[in-house]
Amino acid sequence: SSRLAKAKTTGGVTAASSGTMSTSKAAAVLLLAGVAVWSASGAASRQPPCFVTAGAPIGARAGRGSTGAAAPLLDASSCSLPAAGAAAFSAENVVLASCAAALLASLAAPRRTSASGSRVQKAAKVTMCARSGTPTTPMGSRGKRRIRAGRMRPIFRGRQIAVRVNPKTNKPIRYRMHIVPGDTVQVMKGKDAGKVTQVIRVYPKWNKILCLGVNYCIKHVRPRREDEVGQRVQVEAPMHSSCVMHYSEAEGVAGLLGIRFVQKEGKDGLMRVKKVRFNKATGEAIPVRVPQKWVPVLDRSADED
């Protein structure tokens, strides 16, 4: 009988020698060995119980209202299996014994170990699913949430999981955004609450915006070529437009968006009515600016941050 060796634990990884087995595995081996020995014994030593009665077919019983007495059972010595039944019973024992022996051999096989003697472990699965290190465009949910919501429900439990579609025209429905690219805004809630940033991109189908330097996330970018390796990239993630408010750089106040119509003289000398966006907290007009171009975090200078 082999002697079990004590497992050594180093750094949370259990290491065992190639000829050792755990306690539960040793118990399973002993149990299967007993089953194999029991199955390998001949059919002659184990006769199945005989239920044949004298002068009656198998399974015949005296009725509750019958007057005749039940015939006595035959002796155990008179019960014998036919030649075909004994052969089948013996073949069944051989099959059971062979199966038990195969399981015993598989459990008793030594474990695979590395050159240093430690147990071989599977490599940790790191999901490298992103194809690029740029900000991700919002997309619909998949899997169980999409199945529970159904095909015609773009909003499920307060979250938008698909683009809203007009059922008559089959065209996407866009939100009326109070933010346009180039606006200076202040984050009002979330992990970056209080930070002043600039909007560089808007997503009207999802009512989300992409701001510079806030709402960072980590993307696991997979390699695209053989000479590349996977990497973890820090990028901005889109956020809901309701999380920000217009910010006045002159007075340092955040306010809501206001719209007023004013008359302005054109180049041809005619007066025209134009729509002007202004900050309700200060009353000053919101300037129209060209948004900055997105640059990877490692390539930015201190002034851009």
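The values are calculated or read from the model by the stated rules, or taken from the named source; none is laboratory data. Because the structure is a prediction, the values reported are computed rather than measured. Cβ atoms come from the backbone with ideal geometry, glycine included; neighbour counts cover every protein chain shown. These area figures cover heavy atoms from the full protein model, side chains too; ligands, DNA and RNA do not enter into them. Shrake-Rupley method; radii C 1.70, N 1.55, O 1.52, S 1.80 Å.
Filter the stretch 159-185 down to the residues that are open to solvent by less than 100 Å² (accessible area, probe 1.4 Å) and either modelled with pLDDT under 90 or among the polar types (S, T, N, Q) (or both), then identify the one that is farthest from Lys293 (Cα to Cα). Looking at the filtered set, the residue picked out is Thr169.
Each residue in the stretch 128-175 was checked for being of a type in the set (D, E, K, R) and in contact (Cβ under 8 Å) with a residue 24 or more places away in the chain, and 3 of them qualify. In the stretch 187-221, the qualifying residues are those that are touching an Asp or Glu at 6+ places or on another chain (Cβ under 9 Å) and either without any contact (Cβ under 8 Å) to a residue 12 or more places away in the chain or not β-branched (Val, Ile, Thr) (or both), and the one that is most open to solvent (accessible area, probe 1.4 Å) is Tyr216.
In the stretch 260-288, of all residues being of a type in the set (D, E, K, R) and closer than 17 Å to Met245 by Cβ, the one that is surrounded by the fewest Cβ atoms within 10 Å (Cβ to Cβ) corresponds to Lys280. Within the stretch 230-241, the residues that satisfy the criterion of being open to solvent by 70 Å² or more (accessible area, probe 1.4 Å) and among the polar types (S, T, N, Q) are Gln231, Gln234. Is there a residue in the stretch 224-232 that is assigned to a loop (DSSP other than H, G, I, E, B), under 21 Å from Gly133 (Cβ atoms), in contact with a Lys or Arg (Cβ under 9 Å, 6 or more places away or on another chain) and at pLDDT 90 or above? Scanning the stretch 224-232, I find no residue that is assigned to a loop (DSSP other than H, G, I, E, B), under 21 Å from Gly133 (Cβ atoms), in contact with a Lys or Arg (Cβ under 9 Å, 6 or more places away or on another chain) and at pLDDT 90 or above, so the answer is no.
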